[in-house]
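> One structure follows; several queries about it will come next.
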Amino acid sequence: MSNPLSDLLRSYLAVGLFASLGFILVGLLLFLSWLVRPSRPQAQKYISYESGVDPVGDMWSQSQVRYYIFALLFVMFDVEAVFIFPWATRVELYGVFGLVEMLVFIGILLLGLVYAWRKGVLRWA
Amino acid sequence: MDPLLSGNVDLMTVVVVLLKVLVAFAGLLVAVMGMVWFERKALADMENRFGPNRAGPFGILQTLADGMKLSFKEDLLPEKADRFVFRLAPLLAVIPAFLTFAIVPLAGNFSNGNDGVVEILGHKTFMQVADPQMGILWMLAMSSIAVYGIVLAGWSSGSKYPLLGSVRASAQMVSYEAALGLSIATVLLIGGMLSTNQIVAGQYGLRWNLWMTGIVPFFIFIIAGTAELNRPPFDLVEAEQELVGGFHTEYSSMRFAMFFLAEFMNAVTMSAIIVTLFLGGPSGPTFGITGWISDYVLPFIYFFLKVLLFLYMFAFFRGTLPRFRYDQLMDLGWKFLIPLALGWFLLLATVRVAADQGWNLPLTVVVCLAVLAAGAGLLRAAIRNSEHAEAMAAGSVAKDASEVDV
């Protein structure tokens, strides 16, 4: 093809335009607001909000590790999606072999979930 | 792929693309303003009050007035904040919200198996901004980026309440994305296509994925989608009673408005995606009419009405359901939605293969359901033992702790 743009790039031409329009709008809004808004700096205004009293201690406090473990579990299911999506669009192509393969794959995955579940990771105590 | 872009890209092509982009963009902005007003009015009706009724007829310009008011407010940057990330986060929230809308088919004649091609300025094209080959995966990708917007906003504020909001957001949005992805996978099983245009085209004549996938994935998608949007009853990220304003506590002026723009834009986009995936998008009966009425007017009316249904649903959720507790939220996601979505996906896949191989379909369904029930039973048994043991252990620990306290 004599076209300088590949098929893939061309289907994103519109997305690119759409995105740039979004950036322009956001930039415009921020700019307009910058033009009209007041600026009267006072030291107290820049203190972190803590319901009206002076903030105590470090602002980046420690949080429970459970949030992190859930994120790790999610990675498991996200990687699985990488295999599931292509297979789901072409089920007939792989027939029974693909189905059995997928059952085994999801079975192992569920085993992982059950393991995490039994370990009490999913309990929010 | 969009027939507009399959030939040479000349100036006219770019003009047509630009035209579509402008229409979709303006439509989305108007829809967002309408959505904010509509939700406030619907909520007011449920709570037996008037709602916005001052700015413009029926208060319809209220959103515009709010936006203007916010732009006149002082923009504060907390001293403890990470300055760069604090400024970046609103953009990361609002731009993906725009971009998801790019793949939604807005109009076009899809009746009787038509593929929704319309003609603009002599060019054949689809009435959607873009139809990339990976189609619906684009939406998943964008919703993943939207997580960053919220998480980074909370983290960069350098304040306690936003930080709590953002760690909540990180686990919540990520958990429900898994269920969301699995329910999309069932739609792909039925249609075999990733492109949103072809997903809609495959649902002509009421062959909606809503029943073709057996309704369950539809409900999974709605629940997971509501959680993904951080809308009530899953709005733990900005739970006012616990976290002041959640992740956007420290934001003010236009940057604060960005988050609200993003939130309502996401609600509109998610409704449009639900309609595209499960309710046949803009397809509907054309009553034998041809020409521009069946190409633009009727499909757009169908699309609008279907989207409105889900916008009302979101407002209804907010007006009627109490907020979930965080442990309930996680339980619903991991212990109910994900196993259910996986099971349903396997069931549909087996039925699909069975139909292809010419097996006895009713028998296959019965066997599958039996296997799924057995699997669910096994799962329950395996979990119950461990939870019992753990509850015992937790009980003894608590007793120890109370003794120490005394």
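What follows is calculated from the coordinates using simple rules that are stated; it is not laboratory data. Owing to the predicted nature of the structure, the values given are computational and were not obtained by experimental measurement. As a convention, Cβ positions derive from the backbone with ideal geometry for all residues, glycine included, and neighbour counts pool all protein chains shown.
> What are the radius of gyration and Dmax of the range A:65-119, computed over its Cα atoms and given in Å?
13.5, 43
> Something else about it: Taking θ = phi - 60°, what integer Hz values does the Karplus form 6.51 cos²θ - 1.76 cosθ + 1.60 yield along the range B:330-335, in sequence order, with x for Gly and Pro?
5, 4, 4, x, 7, 8
> Please list 3J(HN,Hα) in residue order for the range B:196-204, calculated via the Karplus relation 6.51 cos²θ - 1.76 cosθ + 1.60 where θ = phi - 60°; whole Hz, with x for glycine and proline.
Residue by residue, the range B:196-204 yields 5, 4, 6, 4, 5, 4, x, 9, 5 Hz.
> Please report, for the Cα atoms of the range B:1-97, the Rg to one decimal and the Dmax as a whole number; what are they, in angstrom?
19.8, 58
> Sticking with this one: What is the sum of charges, Lys and Arg at +1 and Asp and Glu at -1, for the other residues whose Cβ falls under 12 Å from the Cβ of A:Gly107? Working shown, then result.
Numbers: positive: none; negative: A:Glu80, A:Glu101.
Net of charged neighbours comes to -2.
> Now, a different point. How high is the relative contact order of the range B:185-312? Use alpha-carbon pairs under 8 Å, at least six apart in sequence, and give a whole percent. Let's see the in-between values first.
Working: 106 pairs, mean separation 39.3, N = 128.
For the range B:185-312, the relative contact order is 31 percent.
> Ratio of alpha-carbon Rg to the 2.2 N^0.38 Å globular estimate for chain A, to two decimals, please.
My calculation over the Cα atoms of chain A gives 1.87.
> How big is D, in µm² s⁻¹, for the range B:220-284 by Stokes-Einstein at 25 °C and 0.890 mPa s if Rh is the Kirkwood radius over C-alpha pairs? Before the final figure, lay out each step's value.
Values: Rh = 13.2 Å.
Answer from the Stokes-Einstein relation: 186 µm²/s.
> Counting other beta carbons within 10 Å of each residue's own, what order do B:Glu47, B:Glu39, B:Glu238, A:Glu50 fall into, fewest first?
Numbers: B:Glu47 9, B:Glu39 21, B:Glu238 25, A:Glu50 16.
Lowest to highest Cβ neighbour count: B:Glu47, A:Glu50, B:Glu39, B:Glu238.
> Run the numbers for B:Asn48 and B:Ala373: contour at 0.36 nm per residue of separation, minus the present Cα-Cα distance, in nm.
Details: separation 325, 0.36 × 325 = 117.00 nm, distance 4.53 nm.
Difference between extended and current length: 112.5 nm.
> Distance cut-off 31 Å, Cα to Cα: go down the list B:Lys41/B:Lys80; B:Lys41/B:Lys124; B:Lys41/B:Lys69; A:Lys45/B:Lys69; B:Lys73/B:Lys160; B:Lys69/B:Lys160 and report the pairs above it.
Values: B:Lys41/B:Lys80 38 Å; B:Lys41/B:Lys124 40 Å; B:Lys41/B:Lys69 20 Å; A:Lys45/B:Lys69 19 Å; B:Lys73/B:Lys160 23 Å; B:Lys69/B:Lys160 27 Å.
Flagged as over cut-off: B:Lys41/B:Lys80; B:Lys41/B:Lys124.
> Please quote Rg/Rh for chain B to two decimal places, taking the Kirkwood radius as Rh and restricting both calculations to Cα atoms.
When Rh is taken as the Kirkwood radius, the ratio is 1.01.
> Please report the relative contact order for chain B, taking Cα pairs under 8 Å with a sequence separation of at least 6, and give it as a percent rounded to a whole number. Write out the running numbers ahead of the final one.
Values: 576 pairs, mean separation 84.6, N = 406.
Answer for chain B is 21 percent.
> When only alpha-carbon atoms are used, what values of Rg and Dmax, in angstrom, describe the protein assembly as shown?
24.8, 84
> So between A:Ser61 and A:Val104, what do we pick up on full extension, going 0.36 nm a residue minus the alpha carbon distance?
Numbers: separation 43, 0.36 × 43 = 15.48 nm, distance 4.24 nm.
Separation in residues times 0.36 nm, less the Cα-Cα distance, equals 11.2 nm.
> Here is a further query. Once label points are set 7 Å from the Cα along Cα→Cβ at both A:Val114 and A:Phe83, what is their separation, rounded to one decimal in nm?
1.7
> While we're looking at this one, here's another question. Would you calculate the separation in nanometres between label points at B:Ile383 and A:Phe31, each defined as 7 Å from the Cα along the Cα-to-beta-carbon direction?
5.4
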